[in-house]
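Novice: Below you will find the structure I want to go over with you.
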Amino acid sequence: MNMGSFKSTKVLIFLNFLAFSLIHGQSDHTLHLYDGAMNSPGSWIIINNYVDNLQNSAFNDLASSFCVVRGIWLMYENPSYNSNFLGASAFYWGENYCQDLPTGLNNQVSSVRYAGSPYSFQADALNVYQVEWFQSYEAFTASDSLDLSPYYGGSLIVTGRSYWTIYDSPNYQGYHVCVTPADITYAYPGFFTQASEFGFSGRVIRSARRGCWTEKVFRPTMVMKPDQLYTRN
Ligand SMILES: [Ca+2]
């Protein structure tokens with residue numbers, strides 16, 4: 001996988017620009033990071049958008065606990081969502097929940113971002129990541145289609161109540177499967193931490209569109225409950 005390619009960098013920049021310009025720096029997702037553990041939190045910062053490097057907020061490798069006020073949040077050991085160096089990562093979704101960070105991330109978190117729609121964390125959207133556990137470059141769509149450069153396919157998050165079909169070729173061609181949220185009644189997001197969980201081991205995702213255009217359906221192997229931090233172990 002060519003992690004540092006110009007093409008994928010360009011996609012990332014474009015997508016980030018799109019997100020920022022749409023929401024004027026605000027989103028439906030809010031995260032608090034605390035210097036200390038929950039019993040003595042100390043100084044803290046409020047985050048409601050992507051933070052590529054917490055050094056810019058003078059909070060790099062400082063957080064020992066967090067509160068998710070609302071949303072779907074992804075936390076990474078390294079800057080730029082582990083795109084230059086892979087490492088520990090964790091995810092959380094829900095509202096009004098606080099917890100100490102686990103050992104692998106305590107005083108280690110260097111970047112954070114949310115997944116799903118900037119407008120509502122339970123709206124229909126598809127987030128596709130280059131690497132397992134939602135690491136590295138990301139592509140996002142809330143509309144009917146998505147065409148991708150050939151660098152994606154390591155993990156994905158399906159939010160809202162819609163099914164999506166992902167393809168290994170552009171223009172909705174080639175091998176394809178349908179992926180689903182965890183619960184479409186309550187809009188529980190579907191977290192697919194690695195390609196084997198959605199039948200894409202050894203493949204890349206080149207296009208995607210809303211709806212289930214095949215009988216080959218992959219549901220999340222685990223229903224990730226709200227109000228719990230999930231880390232790779
Ligand atoms: Ca770090």
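Novice: Take the Cα gyration tensor of segment 176-223, multiply each eigenvalue by 5, square-root it, and list the three semi-axes largest first, rounded to whole angstrom.
Specialist: Values for segment 176-223, descending: 18, 14, 9 Å.
Novice: Report, to the nearest 10°, how far helix 6-23 tilts away from the longest principal axis of the Cα atoms in the chain, using its own Cα long axis and a range of 0 to 90°.
Specialist: 70 degrees
Novice: What's log10 of I(q)/I(0) for segment 29-116 at q = 0.11 Å⁻¹, Debye sum over Cα points only, no solvent?
Specialist: Log-scaled intensity ratios, in q order: -0.23.
Novice: Just the number, please: Stokes-Einstein D of the chain in µm²/s, Kirkwood Rh from C-alpha pairs, 4 °C, 1.567 mPa s.
Specialist: Approximately 74 µm²/s, per Stokes-Einstein.
Novice: Something else now. Pull out the extension gain between Tyr175 and Gln26, defined as 0.36 nm times the separation in residues minus the alpha carbon to alpha carbon distance; nm, one decimal.
Specialist: Contour length minus the Cα-Cα distance gives 49.9 nm.
Novice: Amide H neighbours of Ser64 under 5 Å, at least 5 residues apart or on other chains, H built in the peptide plane: list them.
Specialist: Tyr34, Asp35, Gly36, Asn107
Novice: On to the next question. Arranged from highest to lowest average of other beta-carbon atoms within 10 Å per residue, in what order do the peptides 105-114, 78-87, 128-137 appear?
Specialist: Output ranking for 105-114, 78-87, 128-137: 128-137, 105-114, 78-87.
Novice: For segment 125-218, count the residues as N, evaluate 2.2 N^0.38 Å, and divide the Cα radius of gyration by that value, please.
Specialist: 0.93
Novice: I'd like the FRET efficiency for Asn53 and Ala123, computed as 1/(1 + (r/R0)^6) with the beta carbon distance as r and R0 of 25 Å, rounded to 0.05.
Specialist: The value I calculate is 0.35.
Novice: May I ask you to compute the full-extension gain from Asn84 to Thr214, defined as 0.36 nm times their residue separation minus their alpha-carbon distance, rounded to one decimal in nm?
Specialist: Here the answer is 43.3 nm.
Novice: I want the antiparallel fraction of DSSP beta bridges within segment 29-116, as a percent rounded to 5.
Specialist: Within segment 29-116, antiparallel bridges account for around 100 percent of the total.
Novice: For Asn106 and Val223, what is the calculated FRET efficiency with R₀ set at 22 Å and r taken between the beta-carbons, to the nearest 0.05?
Specialist: My answer for the efficiency is 0.25.
Novice: Evaluate the distance, in nm, between pseudo-label points positioned 7 Å from the Cα of Asn96 and of Ala37 along their respective Cα→Cβ axes.
Specialist: 2.6 nm
Novice: Expressed in nm², what is the orientationally averaged projection area of the convex hull enclosing the Cα positions of segment 145-188?
Specialist: For segment 145-188, the mean projected area of the Cα convex hull comes to 3.2 nm².
Where a number appears in this text, it was derived from the coordinates with a stated rule and is not lab data. Because the structure is predicted, anything quoted here is derived from the model rather than measured. Quick reminder, even Gly has a Cβ in these numbers, built from the backbone with ideal geometry, and neighbours come from all protein chains shown.
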